[in-house]
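Single-structure report; data block below.
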Amino acid sequence: MSSKAFKTHEEFATITENVAQFPLASSSFQAMSWAADYPDLYKICELYQRYEILYPKQIKYVPLPALLQDGPQCGLVSLAMFINNTSKDKVKELLEIAKQRRYTYNGEMFSADNLCELTNDFTEYTASIYNGHLNTNYIKDFLLNGGYMLVPYDADKNHSPCLNNGHKAHWAAISGIIDTEENVYVLAKHGKSKNVAIWTLRNLAESNSQLNEFSPNRKCSDLKYYLPEGGIAGSHGLCNKAILIV
């Protein structure tokens, strides 16, 4: 998975000249010259005025392909982003295999262990389970050294991490990190948006650490969900768990 860069630095300079009539946009563009190799990231920073990451101390990022989920497939879609030449057909294939293995009924993946097994079986990478809080130097160094993660968290209305006791559990693929003077940010993709997301590692960690119970609303729905023994807070569930990928 390689990043799509501007063809030349001259091309980047030309685009800079085009926004010179807007002082704030122009100064931001100049400050973000480090983002020339990451047009998807640059677009989001400008669109949402993410000026807090204008001057990173360190950055590591590999863009992932965009895949949108069809139903409760966020874990499988996030996993599929790490498969070479991925597509929606790959997601369908993963869904059928997960059903055969009795990991899921509709695409839901409430067991980090099961999603980790699928990652090892269907990507060129090696995956392992991480247990514990994510906001640590270990995770920071892991990402700066080129590691990836699959992380469950509670998704807010805008799909950013929130605290909802596990009722809005969602999966995201983490393929980058930005370290600044003030904060550490992770760069994520998930099945409900084509854009790269920028979250603080702290907020993602806090959301991941409170995935305590399956949503009561989902219990009352017509869909049947597979839950691991002990529920999502159990030893085979989601709470305080992530999948490390190298």
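Read-outs throughout are calculated quantities, based only on the coordinates presented, and are distinct from any laboratory measurement. In this text the structure is predicted, and so the values were computed from the model without any measurement. Here the Cβ positions follow ideal geometry from the backbone for every residue, glycine too, while neighbour counts run over all protein chains shown.
Quick one: 3J(HN,Hα) in Hz for the stretch 85-98, Karplus 6.51/-1.76/1.60 with θ = phi - 60°, rounded, Gly and Pro as x.
3J(HN,Hα) across the stretch 85-98, in whole Hz: 6, 5, 6, 5, 5, 5, 5, 4, 5, 4, 4, 5, 5, 5.
Would you mind estimating how fast the chain diffuses translationally, via Stokes-Einstein at 10 °C and 1.306 mPa s with the Kirkwood radius over Cα pairs, in µm²/s? Working shown, then result.
Working: Rh = 18.7 Å.
Translational diffusion coefficient: 85 µm²/s.
Grab the DSSP H runs of the chain that are 4 residues or longer, score each as -39,500 (n - 2.57), total them, divide by all residues and round the 222 nm result to the nearest 500 deg cm²/dmol.
Values: 9 runs with 79 residues, N = 246.
Calculated at 222 nm, the ellipticity per residue is -9000 deg cm²/dmol.
Out of 43, 189, 157, any idea which swings most in a Gaussian network model of the chain, alpha carbons joined below 10 Å?
157
So how strong a dipole does the chain carry about its Cα centre when Lys and Arg Cβ are +1 and Asp and Glu Cβ are -1, to the nearest 20 debye?
Numbers: 23 positive and 26 negative charges, 104 e Å.
Using Cβ point charges on Lys, Arg, Asp and Glu, the chain gives about 500 debye.
Tell me which residues come under 5 Å, amide H to amide H, from residue 168 once H is placed; ignore anything under 5 positions away on its chain.
Counting only residues 5 or more places away or on other chains, the set is 155.
List the trypsin sites (Lys or Arg not before Pro) within the stretch 97-129 that fall in a DSSP loop (any state other than H, G, I, E or B) and whose Cβ has at most 14 other Cβ atoms within 10 Å. Mind showing how you got there, number by number?
On the way: sites: 99, 101, 102; in loops: 101, 102.
Listed in order of number, the matching sites are 101, 102.
Could you derive backbone 3J(HN,Hα) for the stretch 65-79 from the dihedral phi with the Karplus parameters 6.51, -1.76 and 1.60 (θ = phi - 60°), listing whole Hz in sequence and x where the residue is Gly or Pro?
x, 8, 9, 9, 7, 10, x, x, 10, 4, x, 5, 5, 4, 5
Counting other C-beta atoms within 10 Å, and keeping those with at most 11, which DSSP coil GluC sites (Glu not before Pro) do you find in the stretch 104-144?
Numbers: sites: 108, 117, 124; in loops: 108, 124.
Passing both the DSSP loop test and the Cβ count: 124.
List the residues whose amide H sits under 5 Å from the amide H of residue 184, counting only those 5 or more places along or on another chain, with H placed 1.01 Å from N in the peptide plane.
201, 202
Around residue 78, what is the net charge, scoring Lys/Arg as +1 and Asp/Glu as -1 over all other residues with Cβ under 11 Å from its Cβ? Show your work: numbers first, answer last.
On the way: positive: 189, 192; negative: none.
Neighbour charge sum, excluding residue 78 itself: +2.
Working from Cα positions, state the angle (0 to 90°, nearest 10) between the long axis of helix 112-122 and the longest principal axis of the chain.
With rounding to tens, the tilt is 70 degrees.
Report, by chain and number, residues whose modeled amide H sits under 5 Å from the one on residue 106, excluding near sequence neighbours (fewer than 5 apart, same chain).
226
Lys and Arg at +1, Asp and Glu at -1: add these up for the other residues within a Cβ distance under 11 Å of residue 155 and post the number.
Numbers: positive: 157, 168, 192; negative: 154, 156.
Charge balance in the 11 Å sphere: +1.
Whole-Hz ³J(HN,Hα) for each residue in the stretch 173-178, computed from phi via Karplus 6.51 cos²θ - 1.76 cosθ + 1.60 with θ = phi - 60°, x for glycine and proline: what do you get?
So the Karplus estimates, Gly and Pro as x, are 9, 9, 10, x, 8, 10 Hz.
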